[in-house]
Structures are given as structure tokens and as C-alpha cells.
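Have a look at the structure below before the remarks.
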Ligand SMILES: C[S@@+](CC[C@H](N)C(=O)[O-])C[C@H]1O[C@@H](n2cnc3c(N)ncnc32)[C@H](O)[C@@H]1O
């Protein structure tokens with residue numbers, strides 16, 4: 001019944017939806033285990049892929065923790081915390097927006113203006129959003145300097161810092177500490193507003209002779225697996 005309605009909506013309005021970059025599609029129709037998705041997080045592909053990946057990692061009982069570089073208000077980090085509820089979650093951010101050093105590099109390389117404002121957040125408000133707050137470790141400050149004393153192994157990392165420099169530095173920092181079977185999400189790989197994200201991934205992967213998978217979430221993430 002629902003599928004027929006969805007097909008009818010697609011038939012009548014699918015082209016208009018697609019023009020707005022919205023795709024109505026079936027997904028994992030034959031998977032029987034319960035999935036904990038949130039209908040109010042309006043990026044099904046990003047959230048759903050994270051949920052699937054967490055399931056693979058947790059099923060294998062891999063040892064390691066999780067992290068996000070570029071947390072802002074914690075909208076995505078709260079799901080990392082939810083799906084990896086037994087693991088420590090490092091939350092890396094200035095919590096004051098982009099750093100001038102990164103913005104200067106960004107402009108010099110002709111990638112973006114780095115003018116988006118991400119300063120209206122705080123460690124406190126982010127922690128209030130986390131379902132398993134006891135496992136969260138906020139790391140406030142300029143990355144990679146902020147990570148100088150952090151030595152850990154990771155099963156999952158989300159890099160969502162928008163700009164070339166922190167993404168490239170994030171790959172350099174996290175990839176060596178990623179366990180076999182672990183994943184790194186890099187947001188904005190197919191976002192033309194932040195072309196530095198793609199450049200950072202392409203450069204790092206060419207240097208390391210590794211590959212990535214582009215996925216069709218709303219900002220076009222890439223995923224590296226080890
Ligand atoms: C797009 S926002 C993150 C959005 C968030 N992941 C979400 O899904 O809602 C980008 C964040 O990266 C942070 N950021 C960028 N460069 C950074 C750096 N070098 N060190 C620490 N944080 C950085 C900014 O402060 C900003 O909060």
C-alpha cells in the first residue's frame with residue numbers, strides 16, 4: 001500500500017522532487033533487523049550509511065573508539081554517540097567556527113571563501129544533545145594542534161570540517177590510527193561550495209595508494225575503509 005502510494009508520488013512529482021535534489025526511493029526492503037533511524041534527520045543516506053557501518057563494526061566487536069572532527073552543534077555526532085554507545089566519542093571542534101589559518105590556506109588555494117559562520121555553538125549545548133554523554137570527550141581547539149596528546153585507536157571517524165587543510169590534516173592524523181575494518185566518512189566530497197574537501201581526499205588517497213567510495217548523501221560524502 002505505502003509502496004504504491006510512494007510510486008504514485010514518484011510518478012506524478014518525481015521529476016520536480018529530483019530538481020530539488022530529493023529522491024523518493026525504497027531501501028533495504030528485505031532487511032529484517034530493527035533499524036534506529038530518525039525521520040527528522042533530513043539526510044537519509046548519510047544517517048542510514050552510518051547505521052549500517054556501525055552495525056558491521058559492532059558485530060565484529062572491533063576494538064577502538066570513534067570521533068568527529070567538525071561537530072558544530074552536534075547534529076550528526078549525536079547519532080555517532082547513539083550507534084556506538086559503548087565507545088568513547090571524541091568531539092573535535094574549535095566550537096568558535098573556522099580558524100583564520102585554515103581560511104587563509106583555503107583562499108590562497110582558491111577553494112572557498114571560508115566565510116560560513118559556525119560560532120553559534122558551545123561544548124555545553126553539544127553535550128546536552130548526546131544520548132550517552134558519559135562517553136563523550138570534547139576536544140576544544142584548533143585541529144591538529146588540539147589532538148597533540150591524543151593517542152587512541154579508531155573504528156569510525158567523521159571528518160566534517162569543510163575546508164581543505166583540516167580535512168587533509170584529519171586524514172593524516174586518523175588514518176594511521178584506524179583499525180582494520182574501520183571507516184572514515186569525509187563530508188562535502190561532492191559539494192561544489194567546498195571543493196577543498198575533494199582535493200584533500202584525492203591527494204591523501206593518491207599518496208597512500210588507497211581508494212574511497214563516494215555516496216549520494218546530501219553533501220556527497222566519501223568513505224575510506226581499511
Ligand atoms: C559544517 S560544520 C560541522 C557540522 C556537523 N558535523 C553536523 O553534521 O552538523 C564544520 C565545523 O568544523 C569546525 N572546524 C573547521 N576547521 C577546524 C579546525 N581546524 N579545528 C577545529 N574545528 C574545525 C568548525 O568550527 C565547524 O563547527
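The values are calculated or read from the model by the stated rules, or taken from the named source; none is laboratory data. Everything quoted here is computed from the prediction, not taken from an experiment. Cβ placement follows ideal geometry from the backbone for every residue including glycine, while neighbour counts extend to all protein chains displayed.
The residues listed here are 175, 168; of these, the one that is part of a helix (DSSP H, G or I), closer than 20 Å to residue 101 by Cβ and at pLDDT 95 or above is 168. When region 123-181 is filtered for residues that are in contact with a helix residue (DSSP H, G or I) (Cβ under 8 Å, 6 or more places away or on another chain) and on the phi > 0 side of the Ramachandran plot, the ones remaining, listed by number, are 162, 181. Residues satisfying the criterion are present in region 142-159 (criterion: under 19 Å from residue 104 (Cβ atoms) and in a helix (DSSP H, G or I)). Among the residues of region 72-97, write down those that are within 9 Å of the ligand (Cβ to nearest atom) and more than 18 Å from residue 42 (Cβ to Cβ). If the condition is that a residue be within 9 Å of the ligand (Cβ to nearest atom) and more than 18 Å from residue 42 (Cβ to Cβ), then 92, 93, 94, 95, 96, 97 are the ones that fit. For region 188-211: of the residues being touching a strand residue (DSSP E or B) at 6+ places or on another chain (Cβ under 7 Å) and assigned to a loop (DSSP other than H, G, I, E, B), which is surrounded by the most Cβ atoms within 10 Å (Cβ to Cβ)? That would be 189. Set side by side, the residues 143, 185, 173, 154 differ, and just one is crowded, with 19+ Cβ neighbours inside 10 Å, farther than 17 Å from residue 79 by Cβ, in contact (Cβ under 8 Å) with a residue 12 or more places away in the chain and more than 8 Å from the ligand (Cβ to nearest atom), which is 173. Exactly one residue out of 36, 21 is out of contact with any strand residue (DSSP E or B) (no Cβ under 6 Å at 6 or more places or on another chain) and in contact (Cβ under 8 Å) with a residue 60 or more places away in the chain, and it is 21. Being in contact with a strand residue (DSSP E or B) (Cβ under 8 Å, 6 or more places away or on another chain) and within 14 Å of the ligand (Cβ to nearest atom) is the filter here; which residues of region 119-134 pass it? Residues satisfying the conditions are 121, 123, 126, 130. Restricting attention to region 87-114, the residues being farther than 25 Å from residue 152 by Cα and either without any contact (Cβ under 8 Å) to a residue 12 or more places away in the chain or in contact with a strand residue (DSSP E or B) (Cβ under 8 Å, 6 or more places away or on another chain) (or both) number 6.
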